[in-house]
Amino acid sequence: MVKKITLIALFTSSLLFAKASGEYSVNYVGMSMDYKEYKDGTLLDSESSGYSDLTGAEFKYKYNMEGETASDSNAISLTIMALDGDTNYVGSYIGSSQGYGSLTGTTSNKIYDFDLDFAHIYQQSQHYKIIVSLGLGYRFWRRELSAQQVEDYKWYSLRPSLAFSYNYKSFSISPEFEYQYGLRPRMKASGVLAEEFKLGGANIMQFTLPVEYAFNQKFSLYGAYTYQYQKIRESNVVSGFLEPESKAYNEYIKFGLIFKY
């Protein structure tokens, strides 16, 4: 017990007395969605949008801590993204035999994404570093296909990632690869089919290319492009219905400001 208390005290003191810095960022986000649902390889319905159709904001706080040596450091960050907008729906009525394309419409969407991330930074040279991180996330997506059909997708996720950062003068570029492994994925329907479905899986592979331009040590401009592949596996059967398998190829563009202290 004494050893445990001593270790906790050492860890806490290292956080308190380590040389640290922080930064806030606020970004505009536009999302392009390409979402499709399948049953036994047959296309059932789809959702699509342009960057100006699904828009919102991303807020991020990052706390940087120096490591034991000059060549490494740590960082903890919290990111919150919120999007709202419409997608173009192509599909059919539930239970209809007419098939894909017999029904078109507009779907109202709300997407919320939360990520708490711990990163370790390896400084390879003055201009180059490698960043390895592990995050815990939560994702929520509401599809309002009509007043009688609303679907809420939600799941937690583990998010390991690897980034390579290069900076030269005032510019830095940091391509990042991330995998999001979904935990306890669910889809809750309301309206016509008021049931909750246990999804077979909800995983995301993601590539992000961020660019930062520093005006000075306190203020930077930020831009990023993200390509995301999402796969949701078929759910269990509830009252004779199931949530089919789906694949989504999503793209994001982000522009914003970073304030450092």
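May I ask you to compute the full-extension gain from LEU136 to PHE59, defined as 0.36 nm times their residue separation minus their alpha-carbon distance, rounded to one decimal in nm? Kindly include the intermediate steps, with their values, before the conclusion.
Working: separation 77, 0.36 × 77 = 27.72 nm, distance 1.63 nm.
Between LEU136 and PHE59, full extension yields 26.1 nm more.
Counting only DSSP H runs of at least 4 residues, each contributing -39500 (n - 2.57), and dividing by the residue count of the chain, the helix-based mean residue ellipticity at 222 nm comes to -2000 deg cm²/dmol.
Out of the stretch 90-186, which trypsin sites (Lys or Arg not before Pro) are coil in DSSP terms and have no more than 13 other C-beta atoms within 10 Å? Walk me through the intermediate numbers first.
Numbers: sites: LYS110, LYS129, ARG139, ARG142, ARG143, LYS154, LYS169, ARG186; in loops: LYS169.
In loop regions of the stretch 90-186 (DSSP not H, G, I, E or B), the sparsely surrounded trypsin sites (Lys or Arg not before Pro) are LYS169.
Computing Rg/Rh (Cα atoms, Kirkwood Rh) directly from the structure and comparing it against [x] 0.94; [y] 1.05; [z] 1.14 singles out [y].
Trypsin sites (Lys or Arg not before Pro), restricted to the stretch 199-261: which are DSSP loop and have at most 11 other Cβ atoms within 10 Å? If you can, show how the numbers build up before the last one.
Details: sites: LYS218, LYS231, ARG233, LYS247, LYS254, LYS260; in loops: LYS218.
When the trypsin sites (Lys or Arg not before Pro) of the stretch 199-261 are filtered for loop state and at most 11 Cβ neighbours within 10 Å, LYS218 remain.
Taking 19 Å as the limit for the C-alpha separation, the pairs LYS62/LYS254; LYS62/LYS231; LYS129/LYS254 exceed it in the case of LYS62/LYS231; LYS129/LYS254. If R0 is 41 Å, the Cβ-Cβ spacing of LEU103 and GLN123 corresponds to a FRET efficiency of close to 0.15.
A simple count of charges around GLY191, restricted to other residues whose Cβ falls under 10 Å of its Cβ and scoring Lys, Arg +1 and Asp, Glu -1, yields -2. The aspartates and glutamates within cross-link reach of LYS247, meaning a Cα-to-Cα straight distance under 13 Å and a gap of 8 or more places when in the same chain, are ASP34, GLU37, ASP45, GLU47, GLU234.
Relative to the present Cα-Cα distance, how much length would full extension add between LEU221 and ALA20 at 0.36 nm per residue of separation?
On the way: separation 201, 0.36 × 201 = 72.36 nm, distance 2.17 nm.
Gain on stretching LEU221 to ALA20: 70.2 nm.
Computed from the coordinates by the stated procedures, all read-outs in this text should not be read as laboratory data. The structure presented is a predicted model; accordingly, all values stated were derived computationally and were not measured. Glycine also receives a Cβ, built like all others from the backbone with ideal geometry; neighbour counts cover every protein chain displayed.
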